[in-house]
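A quick write-up on the structure given underneath.
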Amino acid sequence: LTTKGPSGWQDVISVDGIYIDEWGIKRNVNVSAAIVEHPFSAQDFDHAFLAGYPWPDGTNTGRFEGFSDIFSRWHAEGEYAAVLNIFGGFTTMSYLLRGMDNWCIDMLADEELFTDLLDRTLEFEIDSARTALTALGKYVDIVGIADDFAGQDGLFFSPDHFRRFIKPRMEKLIGVIREC
């Protein structure tokens, strides 16, 4: 199963194949959904930009509409484990919004702005996890989370940067999931 968009969301793909997701990321569906524009790559990217951005709502229950019946059936059958993979990946979403080059520069040059962005994408993932687990938790056997920290040649950042920026946020996310 794949989550739907939030209630009220309508996918739109232009005639030239450009799709804009709810985050504002523009992709070309004619070229392997390649990103053609990162919405936070603007020169005026700052805390005010982040505060004024129309962030997706992780509490929107429309994403999980109709899933309760399916999960309850799977749970009752007991033949398979019901796995809920929480949408998000706060690290991934933050660099998809900003663009990898800008994201890496921000990590090194403006730690406060960098962590502001991480915290906002983490907030979405936490809200999404709470919402999904409130609706489906009694039927879920396993919760999965996914994020992207590395490429084929190694980490996107140093282990020290991982421990400083990512690990505490992962611990917070996992703590919320355990509480639910």
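Numbers for the structure displayed
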{"quantity": "Search result, residues across the stretch 81-119 that are in contact with a helix residue (DSSP H, G or I) (Cβ under 6 Å, 6 or more places away or on another chain) and open to solvent by 50 Å² or more (accessible area, probe 1.4 Å)", "calculated": "Phe87"}
{"quantity": "Residue in the stretch 154-171 that is among the hydrophobic types (A, V, I, L, M, F, W, C) and surrounded by fewer than 16 Cβ atoms within 10 Å (Cβ to Cβ) present", "calculated": "yes"}
{"quantity": "Extreme residue, surrounded by the most Cβ atoms within 10 Å (Cβ to Cβ), among residues of the stretch 124-153 that are among the charged types (D, E, K, R) and assigned to a loop (DSSP other than H, G, I, E, B)", "calculated": "Asp147"}
{"quantity": "Matching option when the condition is more than 15 Å from the chain's Cα centre (by Cα) and free of Cβ contacts under 8 Å to residues at least 60 places away in the same chain, among Ala150, Ala135", "calculated": "Ala150"}
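Conditions tested, residue by residue: (1) closer than 19 Å to Asp147 by Cβ; (2) part of a loop (DSSP other than H, G, I, E, B).
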position: Phe45; (1), (2): no, yes
position: Thr59; (1), (2): no, yes
position: Arg63; (1), (2): yes, no
position: Ser68; (1), (2): no, no
position: His75; (1), (2): no, no
position: Ala81; (1), (2): no, yes
position: Asn85; (1), (2): yes, no
position: Thr92; (1), (2): yes, no
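The values are calculated or read from the model by the stated rules, or taken from the named source; none is laboratory data. All values derive from a computational prediction rather than experimental measurement. Positions of Cβ are generated from backbone atoms using ideal geometry, with glycine treated the same way; all protein chains shown enter the neighbour counts. Accessible surface is based on the protein model in full, side chains and every heavy atom, while ligands, DNA and RNA are left aside. Shrake-Rupley method; radii C 1.70, N 1.55, O 1.52, S 1.80 Å.
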